[in-house]
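J.: Quick one: the structure is below, questions incoming.
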Amino acid sequence: MDLRKLKTLIDLVSESNISELEITEAEGKVRIVKAGAAGMAQPMMAYAMPQGGPPPAEAPRAAAPAAAEAPAVVAETGHVVTSPMVGTFYRASSPGGKPLVEVGSAVKENEPVCIIEAMKIMNEIEAGRAGTISKILVENGQPVEFGQPLFVID
């Protein structure tokens, strides 16, 4: 999906009364959920497609918040470097290049540990603390969410 189209959809959801939007196209599927929508008591049906009927549409929506909360249960020891934005995670500064860090690498507080591409802009993410990389929690090229754990530094 084109990034301009995606940004337009995000803007439309944020300015409207709907709490979430899911669109499926040939290239893939996009789901946009408005912040704070999980705590809403009444379902918003303004965007529902008449394909499956109300009971099937309700079941996935009820299960989605539980699935979104599951990764938060995992507790890591040490300093966890989290994603400051939504984008694509890259371990190296160029395709096919040497990864910025590996498990066991010693890092300084302001040293870049990965790159997150967001809207065609490459953003270096710093360690935030000196130490040793003990875990890499994301695969190269994988999409990441805001606040998603990326590395653990001991």
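J.: Listed residues Val81, Val152; which is outside any loop (DSSP other than H, G, I, E, B) and touching a Leu at 6+ places or on another chain (Cβ under 6 Å)?
T.: Testing whether each residue is outside any loop (DSSP other than H, G, I, E, B) and touching a Leu at 6+ places or on another chain (Cβ under 6 Å) leaves just Val81.
J.: Moving to a separate point now. Within the stretch 129-146, is there a residue that is under 24 Å from Arg4 (Cβ atoms), assigned to a strand (DSSP E or B) and not assigned by TED's automatic domain parsing to the domain that holds Lys34?
T.: So far as the stretch 129-146 goes, yes, one or more of its residues are under 24 Å from Arg4 (Cβ atoms), assigned to a strand (DSSP E or B) and not assigned by TED's automatic domain parsing to the domain that holds Lys34.
One line per residue, one yes/no per condition, for (1) modelled with pLDDT of 90 or more; (2) touching a helix residue (DSSP H, G or I) at 6+ places or on another chain (Cβ under 9 Å):
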position: Pro71; (1), (2): no, no
position: Glu76; (1), (2): no, no
position: Thr82; (1), (2): yes, no
position: Ala92; (1), (2): yes, no
position: Glu124; (1), (2): yes, no
position: Gln142; (1), (2): yes, no
position: Pro149; (1), (2): yes, yes
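J.: Could you give me the residue pairs with C-beta distances under 7 Å whose first residue belongs to the stretch 93-116 and is closer than 14 Å to Arg129 by Cα, whose second residue is of a type in the set (D, E, K, R) and surrounded by fewer than 18 Cβ atoms within 10 Å (Cβ to Cβ) wherever it lies, and which are 6+ apart or on separate chains?
T.: Glu109/Arg129; Asn110/Glu126; Glu111/Glu126; Pro112/Glu124; Pro112/Glu126; Val113/Glu126
The values are calculated or read from the model by the stated rules, or taken from the named source; none is laboratory data. Quantities reported herein were computed from a predicted structural model and do not represent experimental measurements. Ideal geometry is used to build each Cβ from the backbone, glycine not excepted, and the neighbour counts take in all protein chains shown.
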